[in-house]
Structure formats: C-alpha cells, structure tokens
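First comes the structure, then the notes that go with it.
The values are calculated or read from the model by the stated rules, or taken from the named source; none is laboratory data. This is a predicted model, so every value here is computed, not measured. When we count neighbours, we look across all protein chains shown, and the Cβ atoms used for this are built from the backbone with ideal geometry, even at glycine.
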Amino acid sequence: MRRVLLGGFVLAMTVVLTGCPTPPPGYQPPSLESSQITPQPAQPGDTVTMVLDVRDDQALTAAVPQRLYTPSNTVLSGLCDSEMAPQGDFRHVLVTVTCAVPTFASNGTWQLDVFLNDSSYPTANYPGRTVRIPFEVTGGSDDRRPPQLVSYSIEPTTVDQATTFTVTARLRDESLPVTAGFEGRGSFNFFKPFAQNSTFFCNGTTVTPVSATDVEVVSTCTPSNYNQPGRSEPGLHVSYMQVQDALGHEGNAEMFVDVQPGP
C-alpha cells in the first residue's frame, strides 16, 4: 500500500514539475513524412495550401494550426484552417492546411506551427508534437518596422494642471491598419518622470487612415494625481503610446506635454 501511495505521489509531482504527464515507455509521437506547399513562392493575397503526410503508431486525432510567424518573427493568428483525410485508418493521415496570406504581407520566409495530437483523452500520456512548416512570400513589402511617429500636436497649446487636452498624432507604416494604445484598445498615459503618480489618462481614441501609408490618431487626455482625476502636477510629462501594425510589429510613439502651474 505504501508503494502505491508513493507511486501516486511521484506521478503527481511529475505532472506538477513538468506541466504534463510523462509519456509511457516506447511512446512515439506522430511523424511528418513529407510536405507539399503550393503555390511556392506565394504572393500577398494568395491562399497557401500545405499537404502534410503524417503517420502515427496509434492514431492521429487532431492537426491544429497554431502560430503563424512573419519574416520578422512576429506572430499572427486566425489565418489558417486544416482538415484531415485518413488513408485507410488514422494511423496514416493526409493533413491539408490552408493559410490566407495577408494582402500586406512582407517578403521572406513565413513559418507555421502545426500541432499534431495523437490522443483524444486528457488523461493519456501522449503529448503529440509540433511541426514547423516554412513557406516563401515574394511580391510584397519589405516592412520590418513598427509604425513611425511623423508628427503630433496638443490642443490647447498651453496645458496647465487642470487642462483636459486633445493629442493628434500622425503615424506612418506600410502595413495598415494600425492600432494605438495599450493592447490596441486606444488607451495610454502621459506621465511625469520620477513622479509617475501625476498622469494624463488618454482614451476615446480614433485611428483614421489619411493616405496609403499614414493614419491620424486622436485622443482626449484628462489630468489626474494619485488616481484622483481633475488635476496633475506641473512639469514635463511624457507618453510612450503603444503602436502596432497589421503584421504585428510593435513600437512606441514618444510624445511630450509641458504642464504649466495652474490657478
């Protein structure tokens, strides 16, 4: 009885420490025998089809497209689907994965992670495996940078401790649309260096395309101090507004406002 309890304790600790059960002795994950990709290279706007020849000693139960990596190693999702066609039974399966190449796609090597699962039961100690499939894109952009700040303005031009102001920024990027603010939700702060309790909270943000490469970002910024709205401290405040383009390139737009003492 003690041996049984100790074995259960060791198994439980193994799951806790490793994050997944230990595979049984002799376990073999699914194997990728070959892959065929068309078209190769792809163009922006194409649909890339990948046919994966997969074998497993038991059964392949799922093939899930996961992360799609751009040439600059940013991650896109929601662009790929898959279906499985068993060749006699599920020990030999042709997996067809289709990915929509964005119209703003950059040139270079794209890579897709596909998870191959060989168990339908969460208690089975079959971890499966992830395979990475590369494909080439040509005829697109050479964009490798996040959106760049071109200019910005503050209205009114004189801001004191109790002023709610509007900031208007112009951003430039080859891969529109662009998002601004924390996690692309449009909110960001101006804060006072070495006194970050003094802030201007900016929200109600709009992002409007004004050309093939430029967008205008407009946001309203309200003063606060120690999270109490209505009044900030005087002095220089800075914002590092988060920005991201459609290819996942992330950066910051640095902007300043010099807050004057108020009445």
Quick one: which residue in 154, 133 is over 20 Å from the mean Cα position of the chain (by Cα) and either outside the structural domain of residue 217 (by TED's automatic domain parsing) or part of a strand (DSSP E or B) (or both)? 154
From the options 113, 53, residue that is among the charged types (D, E, K, R), crowded, with 16+ Cβ neighbours inside 10 Å and either assigned by TED's automatic domain parsing to the domain that holds residue 250 or part of a strand (DSSP E or B) (or both): 113
Would you call residue 177 of a type outside the set (Val, Ile, Thr), assigned by TED's automatic domain parsing to the domain that holds residue 153, surrounded by fewer than 17 Cβ atoms within 10 Å (Cβ to Cβ) and touching a residue at least 60 places away in the same chain (Cβ under 8 Å)? yes
Which one is modelled with the lowest pLDDT, of the residues in the range 211-263 that are among the polar types (S, T, N, Q), surrounded by 12 or more Cβ atoms within 10 Å (Cβ to Cβ) and part of a loop (DSSP other than H, G, I, E, B)? 213
Restrict the check to the range 22-42 and report whether at least one residue is farther than 17 Å from residue 130 by Cα, touching a Phe, Trp or Tyr at 6+ places or on another chain (Cβ under 8 Å), of a type in the set (Gly, Ala, Ser) and surrounded by 14 or more Cβ atoms within 10 Å (Cβ to Cβ). yes
Those residues of the range 202-223 that are among the charged types (D, E, K, R) and in contact (Cβ under 8 Å) with a residue 60 or more places away in the chain come to a total of 1
Any chance the range 68-82 includes a residue that's assigned by TED's automatic domain parsing to the domain that holds residue 39, in contact (Cβ under 8 Å) with a residue 60 or more places away in the chain, in a loop (DSSP other than H, G, I, E, B) and exposed (fewer than 15 other Cβ atoms within 10 Å of the Cβ)? yes
Test: residue in the range 65-81 that is at pLDDT 95 or above, more than 20 Å from residue 247 (Cα to Cα) and not charged (D, E, K, R): no
